[in-house]
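The values are calculated or read from the model by the stated rules, or taken from the named source; none is laboratory data. This one's a predicted model, so the numbers in the text were calculated from it and none came from an experiment. Every residue, glycine as well, gets a Cβ built from its backbone with ideal geometry; the counts of neighbours run over all protein chains shown. Areas reflect the complete protein model, heavy atoms only, side chains present, ligands, DNA and RNA absent. Shrake-Rupley method; radii C 1.70, N 1.55, O 1.52, S 1.80 Å.
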4 protein chains.
Amino acid sequence: MVIDGCPPRVPLSREDIQSELDRRRPGQSEIVTPRDEEDRCEILSGIFEGQTLGTPISVLVRNKDARPEAYNEMAEKYRPSHADYTYEAKYGIRNWQGGGRASARETIGRVAGGAVANRVIAQVVPAYEVVAYVRSIRDIDAPVEPDKVRKSLVEDNIVRAADPEAVEAMVDLVKRMRSEGNSVGGVVECVVRNCPVGIGSPVFGKLDALLASAMMSLPATKGFEVGSGFAGTMLTGREHNDPFHMEGSRVRTSSNRSGGVQGGISNGEDLVFRVAFKPTATIMSSQKTVTSENEETELKGRGRHDPCVLPRAVPIVEAMAHLVLCDQILLQRGQSGVIGDGRKGA
Amino acid sequence: MVIDGCPPRVPLSREDIQSELDRRRPGQSEIVTPRDEEDRCEILSGIFEGQTLGTPISVLVRNKDARPEAYNEMAEKYRPSHADYTYEAKYGIRNWQGGGRASARETIGRVAGGAVANRVIAQVVPAYEVVAYVRSIRDIDAPVEPDKVRKSLVEDNIVRAADPEAVEAMVDLVKRMRSEGNSVGGVVECVVRNCPVGIGSPVFGKLDALLASAMMSLPATKGFEVGSGFAGTMLTGREHNDPFHMEGSRVRTSSNRSGGVQGGISNGEDLVFRVAFKPTATIMSSQKTVTSENEETELKGRGRHDPCVLPRAVPIVEAMAHLVLCDQILLQRGQSGVIGDGRKGA
Amino acid sequence: MVIDGCPPRVPLSREDIQSELDRRRPGQSEIVTPRDEEDRCEILSGIFEGQTLGTPISVLVRNKDARPEAYNEMAEKYRPSHADYTYEAKYGIRNWQGGGRASARETIGRVAGGAVANRVIAQVVPAYEVVAYVRSIRDIDAPVEPDKVRKSLVEDNIVRAADPEAVEAMVDLVKRMRSEGNSVGGVVECVVRNCPVGIGSPVFGKLDALLASAMMSLPATKGFEVGSGFAGTMLTGREHNDPFHMEGSRVRTSSNRSGGVQGGISNGEDLVFRVAFKPTATIMSSQKTVTSENEETELKGRGRHDPCVLPRAVPIVEAMAHLVLCDQILLQRGQSGVIGDGRKGA
Amino acid sequence: MVIDGCPPRVPLSREDIQSELDRRRPGQSEIVTPRDEEDRCEILSGIFEGQTLGTPISVLVRNKDARPEAYNEMAEKYRPSHADYTYEAKYGIRNWQGGGRASARETIGRVAGGAVANRVIAQVVPAYEVVAYVRSIRDIDAPVEPDKVRKSLVEDNIVRAADPEAVEAMVDLVKRMRSEGNSVGGVVECVVRNCPVGIGSPVFGKLDALLASAMMSLPATKGFEVGSGFAGTMLTGREHNDPFHMEGSRVRTSSNRSGGVQGGISNGEDLVFRVAFKPTATIMSSQKTVTSENEETELKGRGRHDPCVLPRAVPIVEAMAHLVLCDQILLQRGQSGVIGDGRKGA
């Protein structure tokens, strides 16, 4: 993982990065893959005496528990709804030993980068905070008020759900799915607090478009929505619009169906968005597929896979939010010289 | 609108662009804004004797029916759920005469660019086709099989719905909303046919992430989903995976919950995605808001606005799909020298 | 010409841009092309009530005095050392009516953009100033101390030389060349004053590399050097190094062979660089060439061309310097939040 | 070093990269730094069974012979004409232990990347070849006809000069400079053979501008020129223009003062350019300087530095040429679908 353009003199330690990698790593609980990867990071450049240098930060995490032989069958057979076929069709070649670039291991780089971005933003906007949580697993919903969720509560259960009451059913569902050689998906919800007003750009760099792109670039994602999202199409304009009012000298909205973004630019309210993760493609059941020799066959997944990616997706979603916001905050500072309400009266 | 990097020797006329602009333009039917803009385009560069030159194509459309005085009230008051406040907070200045950069007029450039991109792709992939249509307006659904929709059917009604049976109810709803000074949103669905296999990139340029970003950069969008989308989270892996089979020498999937993308790369099946558009923010009803002097007030929309953006959004969604796919197809050609199935056996 | 990313609330008028275009325009003196183009600019977007909006600034200049018929012969014949052959080989098509994209008219966009960039920098660094001047035409040198050149002196003669004593010989040379149907080149030198320390980046965005790229992208350029340049290779390290000393609390160098850049980053001294312009390719003499049908033939230039591009190149070189520096200054502000000496003691 | 966008199925081994690193590495002869770094590279990703995968190639080279203590004095004192002061002013922090990002060690990444780019081009254009060589060291010139230089001849002497007769004097000069604690610079000339016609773009991506940027981004460079360069300003247009003629069905120029580029696009002739390298800044003699506490002082270089960077610069210049050309060749393939003469008659 390489980050370029990071501001200088931001306090940053290996532990800042490692602690986020630990939230993502396999084997952390009984409902995720049992792979024993410690995902230990080494900082190769960009940090000096506990501070960023302003020059590229390079971080290396080696795969210690690779088992290429577990993938022998995939050398020939395409896993359904995985990237084996599309990679081979695109490139005419494919590293079948572990999934290569299509392995969810690539999200290590995102989490490491997100940890750096988080520290950068924290220096500029101390109150800044991102909390993601599992909103649903299949049909088990764990509804919460985004503005009330506390990070400690989310980290307190192995599902990373925000509503403790849903946790037991979710754990049971995931365990049952695994025992059946099946898998399950769900929705991660994320709230960004104290994002400064004025972040994002019209047309080409809309904040919600950038978040959509970041989230939809994650493995297994099928949908993204911000604020009222798809449900918002059921409302009329009169019901949907967020009226403005004053809170002291601060412009606020009385509701937040905009999800904190208006015209592609943050309005100072909580950013709230949701990401749909499909059920894990690799399942321990026999499925119809074809080979690279164009012969029809069957394939049964093997190896050590997550029956549900949601708990481990939470820190990844947060990391992507940090990365998007960090870029946009620095761009705003570059273009305008200020961050926050730049109105004459402000 | 400026397009750089367009391949040379692509047949392209002013009419190719104008005909798409005409699908987007105001005043085209009784359920859209009555503004009388002909949106006539002038090609300034990049075309010579009916063909692209390979150098930048510049297209100019002048606003003939601007009425700045209709916006006088907005010089002071922020329209709820519009970009007035966020622009002013971001930039410390705002062109209040018509919405400036936040006006949906900016989508003219997208449609013009999309028309060019469409011609470029058509030269490389003759069977390529994009069809978007209004899938729902508020709670009126017009469900169709994406692989069965024909463009002529969509263009045959003023809503641009794919199911003719829903049209009357939709028209009635929009008219009622307008008469009440209210507005309404909905969902546009889009299918891309004959997209070559192998388009898109792992991690940073996933095809679905790029489509998400393109669609979420459109005015009034709140959500994006591809294939099974949010509903896919209700399925198990066994139900969700798309089995492979052979169709002659071609690898096909028996279902298309992937929406034509696997691992960020097209698999040769139809690309299918949906975009949620919120109800138009500008309504002809009094709403609470504040002024740029931080005083609470009320504002009632005036002017000539769409009570529902969906019918005019259809060509815009198609244009953005063309733009994303054109870029990715050219990138694939640059990196690999071929477009289509690059497997050894293919 | 479109500029994106411009800071908001920068005072900017049409005249700010026009006055620079007037320095570049044809027909301004007896030693440049007599083409009668007024190069009048129209601002299409991005300015409101005399200030930049922060959104894209679009400027249009129409060619009023085009004479396509003067180029009829070039439809078939490639002009030697011009871009006719390379464009046709690259694109398989070519707009032969006036040179198309390879016409020096494209520098209008650079000059207009540079005028904007200059205003942006001036707001952040009021003392900032760029002065370019003709250092030599063929073998007539007009040597000056870069730190002593005043802009008014340069603008005071039609050559834009900094040494008044060389002007007469230069004018005579250019006139003689034109009368002989020949052309001549030379060197433009440029000094940037009060560039803040710390501008530019290591490795990928070195300030001198960016300036080199900007200048070598100008038509007819064949060389770039900064500070001691090629002559610096004749010195030993002991002779070449610039010793540091203190001037009050400011770190200065006692000489400036570095040309204001060390390790790709400005050191606060004057930026000094030189650009070599070849003699104009279009000459009014018969030359050997070939046709697009691969037949050998001869071609004699016609039309209204500069026998020497140097006088008109001066504002273009300045404009490119503004554009490079503006980008880098804003990037520095974005990354570090400050512009200027960021050392702890400073 | 990370390369993204590399075509798939290009044969590539660790040795392909290592052999180029060996040409750059310290300690290879008696006239370069005696540092004992083996610069052994490890390929982390992107290669599978001897071929590129099309996904990012990551290469790691660890510094085995670092001696931070040799830099203790530089923790406080700025080395003249080095980047100590500019980095500290820019970032407010500086890694003084070995030069950090400003160390010429960063060119390892360029050479490794260039080796990959070379293989990519070779697959598309088998006859492609780049040969760089030391053209001069201080006032000792080693003139050659660029089209006659053979790589084996250059590699046959420790200076990497193309004229064997100049080698002895050059070696003597470098040794004398080192014994005097002094340093010396010079000029590297480079010729690119069989670059396809049509590479590079008008205005923004001119091939010569990209080469200029690439070369001027190298440590210690002060100048770049292509073809006739600065000397070309001494010619008239009639003398300077390169007449076209036919060579069979191929368009050729009778001279090559253009240096293989016309209008920013390659014309199929040899690309020829020169790069000026200043004398090494670190010398073993006492020089005036200041400290980070703004106190005037003196500094005498220590450590193991090159008295002349030219011999080791040769593979670096070649690598940068490969990188620029590889990008542009792939872009041309992407935009036009063909590489080479795309004229109708061709």
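Round to the nearest 0.05 the FRET efficiency obtained for residue A:294 and residue D:127 when R0 = 30 Å and r is the Cβ-Cβ distance.
0.25
For peptide B:100-109, compute the average count of partner chain beta-carbon atoms within 10 Å of each residue's beta-carbon.
Details: counts 7, 11, 7, 1, 0, 0, 4, 1, 0, 1.
Per residue, the number of nearby Cβ atoms from other chains is 3 on average.
Per Stokes-Einstein, at 37 °C and 0.692 mPa s, what whole-number D in µm² s⁻¹ belongs to the stretch C:42-106, with the Kirkwood radius over Cα pairs as the hydrodynamic radius?
Answer from the Stokes-Einstein relation: 229 µm²/s.
In the stretch D:151-205, which GluC sites (Glu not before Pro) are in a loop and have at most 15 other Cβ atoms within 10 Å, using DSSP for the loop call?
Counting only loop positions with at most 15 other Cβ atoms within 10 Å, the GluC sites (Glu not before Pro) in the stretch D:151-205 are D:180.
Around residue D:336, under 13 Å between beta carbons, what's the net of Lys plus Arg minus Asp minus Glu among the other residues? Could you put the intermediate results ahead of the total?
Values: positive: B:9, B:333, C:90, D:333, D:343; negative: C:88, D:341.
Result for the local shell: +3.
Could you identify which residue out of A:100, A:248, A:181 has the top mean-square fluctuation in a GNM of chain A using Cα springs shorter than 10 Å?
Answer for the Gaussian network model of chain A: A:248.
Taking a quarter of the surface of the Cα convex hull of the stretch A:195-330, what do you get in nm²?
12.3 nm²
Taking the label point 7 Å from Cα in the Cβ direction, how far apart in nm is residue A:239 from each other copy of itself, listed shortest first?
Taking the point 7 Å beyond Cα along Cα→Cβ, the inter-copy spacings are 2.7, 8.3, 8.4 nm.
Report the GluC sites (Glu not before Pro) located in the stretch C:282-345 that are in a DSSP loop and have at most 15 other Cβ atoms inside 10 Å of their Cβ, or state none.
Listed in order of number, the matching sites are C:293, C:295.
If R₀ is 51 angstrom, what is the calculated FRET efficiency for the pair residue B:69 and residue B:156, using the beta carbon separation as r and rounding to 0.05?
0.85
Considering the rotation that carries chain C onto chain A, locate the chain C residue whose Cβ comes closest to its axis and report the distance in whole Å.
Spelled out, residue of C and its Cβ distance from the axis onto A: C:334, 1.
Check the straight Cα-Cα distances from residue D:64 and name the aspartates and glutamates below 14 Å, setting aside those fewer than 8 residues away within the same chain.
D:36, D:37, D:38, D:39, D:42
Debye sum, Cα scatterers, the protein assembly as shown, no solvent: what log₁₀ I/I(0) at q = 0.04, 0.07 1/Å?
Log10 of I(q)/I(0), two decimals: -0.24, -0.77.
Modelled label-to-label distance, residue D:14 and residue A:231, 7 Å Cα→beta-carbon offset: nm?
It works out to 5.5 nm between the two label points.
Where does the stretch D:98-187 land on Rg(C-alpha)/(2.2 N^0.38 Å)?
Relative to the 2.2 N^0.38 Å estimate, the stretch D:98-187 comes out at 1.32.
Quick one: P(r) of the stretch C:28-176 from all Cα-Cα pairs, 10 Å bins, percents rounded to integers, in order of increasing distance.
In whole percents, the pair-distance histogram is 9, 24, 30, 28, 10, 0.
Taking Cα atoms of the stretch A:168-216, Rg/Rh with Kirkwood Rh, to two decimals?
Taking Rh as the inverse mean 1/r over Cα pairs, Rg/Rh reads 1.26.
As I understand it, the value is the acute angle between the Cα axis of helix B:207-216 and the longest principal axis of the Cα atoms of chain B; what does it come to in degrees, rounded to 10?
Rounded to the nearest ten degrees, it is 10.
Per residue of A:241-249, what is the mean number of Cβ atoms on other protein chains within 10 angstrom of that residue's Cβ? Could the numbers behind the result be given before it?
Numbers: counts 15, 6, 9, 15, 4, 5, 0, 1, 1.
Neighbouring Cβ atoms belonging to other protein chains average 6 per residue here.
Using Cα atoms only, what is the angle between the long axis of helix C:107-124 and the major principal axis of chain C, expressed in degrees (0 to 90) to the nearest 10?
Roughly 10 degrees between the two axes.
Run through the stretch C:1-63 and list the GluC sites (Glu not before Pro) located in a DSSP loop whose Cβ has at most 16 other Cβ atoms within 10 Å.
Details: sites: C:15, C:20, C:30, C:37, C:38, C:42, C:49; in loops: C:30, C:37, C:38, C:49.
Here the sparse-neighbourhood loop sites are C:30, C:38, C:49.
In bins 10 Å wide, starting from 0, what share of all Cα pairs of the stretch C:148-240 does each bin hold, as a percent?
12, 29, 38, 17, 4
Please tell me which of these pairs span more than 19 angstrom C-alpha to C-alpha: D:206/D:278; D:148/D:206; B:77/B:175; C:278/D:206; B:77/B:288? Can you show the working numbers first?
On the way: D:206/D:278 26 Å; D:148/D:206 26 Å; B:77/B:175 27 Å; C:278/D:206 16 Å; B:77/B:288 10 Å.
Too far apart for the 19 Å limit: D:206/D:278; D:148/D:206; B:77/B:175.
Using only the C-alpha atoms of the stretch C:256-295, find the volume of their convex hull and express it per residue in Å³.
Looking at the stretch C:256-295, the number lands at 159 Å³ per residue.
Output the Cα-based Rg and Dmax of the stretch B:132-176 in Å, rounding Rg to one decimal and Dmax to a whole number.
9.8, 32
May I ask for the angle, rounded to the nearest 10°, between helix A:164-179 and the longest principal axis of chain A, with both axes built from Cα atoms and the value confined to 0 to 90°?
In chain A, helix A:164-179 runs at an angle near 20 degrees to the longest axis.
Viscosity 0.890 mPa s, temperature 25 °C: give me the Stokes-Einstein translational D for the stretch C:189-228 in µm²/s, with Rh taken as the Kirkwood radius over C-alpha pairs.
Estimated via Stokes-Einstein, D reaches 214 µm²/s.
If each label sits 7 angstrom from Cα along the C-beta direction, how far apart, in nm, is residue C:300 from its counterparts in the other copies?
7.2, 7.8, 8.9
Along the charge dipole of the stretch A:1-111, pointing to its positive end and built from +1/-1 on Cβ of Lys, Arg, Asp and Glu, which listed residue (A:80, A:5, A:53) has its Cα farthest out?
Final value for the positive-end residue is A:80.
How big is the charge dipole of chain B about its Cα centre, in debye rounded to the nearest 20, if each Lys and Arg gets +1 on its Cβ and each Asp and Glu gets -1 on its Cβ?
520 debye
Report, to two decimal places, the Cα Rg of the stretch B:266-346 normalised by 2.2 N^0.38 Å (N = number of residues).
Ratio of Cα Rg to 2.2 N^0.38 Å: 1.92.
For the pair residue B:204 and residue C:245, how long in nm is the line joining their label points, each one 7 Å along Cα→Cβ?
Here the answer is 4.8 nm between the modelled labels.
Anything losing 40 Å² or more of accessible area from the isolated chain to the full protein assembly: pick those residues out of the stretch D:312-341, probe 1.4 Å, ligands and DNA/RNA ignored.
D:333, D:334, D:335, D:336
Quantify how strongly other chains surround peptide D:133-143 by giving the mean number of their Cβ atoms within 10 Å of each of its Cβ atoms.
1
Can you give the helix-only mean residue ellipticity at 222 nm for chain A, where every DSSP H stretch with n ≥ 4 adds -39500 (n - 2.57) and the sum goes over all residues, rounded to the nearest 500 deg cm²/dmol? Let's see the in-between values first.
Numbers: 8 runs with 99 residues, N = 346.
Using -39500 (n - 2.57) per qualifying helix, the result is -9000 deg cm²/dmol.
Calculate the spin-label point distance for residue B:40 paired with residue C:169, positioning each point 7 Å from the Cα along the beta-carbon direction, and give it in nanometres.
In this crude spin-label approximation the distance works out to 5.9 nm.
Inter-copy label distances at residue D:16, 7 Å along the Cα→beta-carbon direction, one decimal in nm, shortest first?
Nearest first, the other copies' label points are 3.8, 3.9, 5.1 nm away.
Between rounded, prolate and oblate, where does the stretch D:97-151 land on the alpha carbon gyration tensor, with a ≥ b ≥ c its root eigenvalues, rounded for a/c under 1.5, else prolate if a/b exceeds b/c?
Oblate.
I need the calculated FRET efficiency for the pair residue A:145 and residue B:147, taking r as the beta carbon distance and R₀ as 30 Å, to the nearest 0.05.
Efficiency at R0 = 30 Å is approximately 0.15.
Using a 1.4 Å probe on protein heavy atoms only, how many Å² of accessible area do C and D hide from each other, summed over both chains and rounded to 100?
Summing both sides, the interface buries roughly 8000 Å².
What translational diffusion coefficient, to the nearest whole µm²/s, does chain B have by Stokes-Einstein, given a Kirkwood radius computed over alpha-carbon pairs, a temperature of 37 °C and 0.692 mPa s viscosity?
The estimated diffusion coefficient comes to 152 µm²/s.
If the reach is capped at under 13 angstrom between alpha carbons, list the aspartates and glutamates near residue A:344, excluding any in the same chain fewer than eight residues apart.
B:76, B:88, B:293
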